[in-house]
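Undergrad: This is the structure I want to talk about, given as structure tokens.
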Amino acid sequence: KREKNILLVDADDFQRTLSEARSAHRRKKEGAADIGTMAHKMIENFITQKDEQIDGYDKISEDERNQIIKITANFVNWAKDNKVEFLESEKRVYSEKHWVAGTADFTCLINGKKWIGDIKTGNAIYPEYFYQVAAYRMMCEEMGESGFVGSVIINIKKDGTFNEYEDVKFLESYEDEKNA
């Protein structure tokens, strides 16, 4: 109800609006995380050549599906253009020495060189991402795997945009990142 440019609401409506506003940021973040999670699963299906169900895919909007498809298509095109040979996907790794575990998105060969990689769906590639992948590599090596020449981070933004020259970063040395 309006009264001379003042909007009047009853107390229940006001409380409901405040309650929704308090959690709006979380709902937006969780929705964005779902897109990244679903894109990861679709990319895993590509790497493993499986066609597993993607939880919640049937509950998202057509726009969100299109975003996931764009993210996946950009990854697939990058992999094909660079003749990437995937060795493993969602590789579980652990360190008894450091009492930590994780899951590397993939290991692969590119031009005969072995890489451990991570896929991101954020706004940019940050140095901390290489700390994470260095930890994966360190755990792989502790588990007896060898031959890695470095790490690769592939960032495809949630809206599906991708520029290979800006959004794919390789790092061969990893001593500084491992120490971090």
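Undergrad: Here's a check for you: in region 146-159, which residue that is touching a strand residue (DSSP E or B) at 6+ places or on another chain (Cβ under 8 Å) and assigned to a loop (DSSP other than H, G, I, E, B) is least open to solvent (accessible area, probe 1.4 Å)?
TA: So the residue we want is Ile156.
Undergrad: Criterion first (among the hydrophobic types (A, V, I, L, M, F, W, C) and either under 16 Å from Glu177 (Cβ atoms) or within 14 Å of the chain's Cα centre (by Cα) (or both)) does Ile125 satisfy it?
TA: Answer is yes for this residue.
Undergrad: Next question, about the same structure. Does region 13-43 hold any residues that are at pLDDT 65 or above and open to solvent by less than 40 Å² (accessible area, probe 1.4 Å), and which are they?
TA: Ile35, Gly36, Met38, Ala39, Ile43
Undergrad: Here are some conditions: (1) under 30 Å from Lys113 (Cβ atoms); (2) charged (D, E, K, R); (3) in contact with a helix residue (DSSP H, G or I) (Cβ under 7 Å, 6 or more places away or on another chain); (4) part of a helix (DSSP H, G or I). Glu64 meets all but one. Which one does it not meet?
TA: The one condition Glu64 does not meet is (1).
Undergrad: Give the residues of region 75-88 that are open to solvent by less than 50 Å² (accessible area, probe 1.4 Å) and out of contact with any Ser or Thr (no Cβ under 8 Å at 6 or more places or on another chain), sorted by residue number.
TA: Applying the first criterion (open to solvent by less than 50 Å² (accessible area, probe 1.4 Å)) to region 75-88 yields 75-76, 78-79, 82, 84, 86.
Phe75, Val76, Trp78, Ala79, Asn82, Val84 - these are the residues of region 75-88 that are open to solvent by less than 50 Å² (accessible area, probe 1.4 Å) and out of contact with any Ser or Thr (no Cβ under 8 Å at 6 or more places or on another chain).
Undergrad: When you look at Phe162, is it assigned to a loop (DSSP other than H, G, I, E, B) and either surrounded by 18 or more Cβ atoms within 10 Å (Cβ to Cβ) or among the hydrophobic types (A, V, I, L, M, F, W, C) (or both), yes or no?
TA: Values: assigned to a loop (DSSP other than H, G, I, E, B): yes; either surrounded by 18 or more Cβ atoms within 10 Å (Cβ to Cβ) or among the hydrophobic types (A, V, I, L, M, F, W, C) (or both): yes.
Yes, satisfied.
Undergrad: If I filter region 107-123 for residues that are farther than 17 Å from Val84 by Cβ, open to solvent by 60 Å² or more (accessible area, probe 1.4 Å) and either among the aromatic types (Phe, Trp, Tyr) or touching a helix residue (DSSP H, G or I) at 6+ places or on another chain (Cβ under 6 Å) (or both), do I get at least one hit? Even if it seems obvious, please write down each step before you answer.
TA: Step one: filter region 107-123 for residues farther than 17 Å from Val84 by Cβ, giving 121-123.
Adding the requirement that they be open to solvent by 60 Å² or more (accessible area, probe 1.4 Å) leaves 123.
Going one step further and asking which of them are either among the aromatic types (Phe, Trp, Tyr) or touching a helix residue (DSSP H, G or I) at 6+ places or on another chain (Cβ under 6 Å) (or both), we end up with none.
The answer is no; no qualifying residue exists.
Undergrad: I'd like to know if region 150-158 contains one or more residues that are closer than 20 Å to Asp176 by Cα and over 14 Å from the mean Cα position of the chain (by Cα).
TA: yes
Undergrad: Next question, about the same structure. Can you give me the number of residues within region 68-121 that are small (Gly, Ala, Ser) and farther than 15 Å from Phe170 by Cα?
TA: The number of residues fulfilling the criteria is 6.
Undergrad: For Tyr136, work out the one condition from (1) assigned to a helix (DSSP H, G or I); (2) among the hydroxyl-bearing types (Ser, Thr, Tyr); (3) open to solvent by 50 Å² or more (accessible area, probe 1.4 Å) it doesn't fulfil.
TA: Status for Tyr136: all satisfied but (3).
Undergrad: Out of region 34-55, which residues are under 20 Å from Lys120 (Cβ atoms) and touching a helix residue (DSSP H, G or I) at 6+ places or on another chain (Cβ under 7 Å)?
TA: Ile35, Met38, Ala39, Met42, Ile43, Phe46, Ile54
Undergrad: Being in a loop (DSSP other than H, G, I, E, B) and open to solvent by less than 50 Å² (accessible area, probe 1.4 Å) is the filter here; which residues of region 165-176 pass it? Explain how you work it out, then say what you get.
TA: Filtering region 165-176 for residues in a loop (DSSP other than H, G, I, E, B) gives 172-174.
Correct list: Tyr174 only.
The values are calculated or read from the model by the stated rules, or taken from the named source; none is laboratory data. Everything numeric here is computed off the predicted structure, so don't read it as measured data. Ideal geometry is used to build each Cβ from the backbone, glycine not excepted, and the neighbour counts take in all protein chains shown. Note: areas computed on protein heavy atoms with side chains; ligands, DNA, RNA excluded. Shrake-Rupley method; radii C 1.70, N 1.55, O 1.52, S 1.80 Å.
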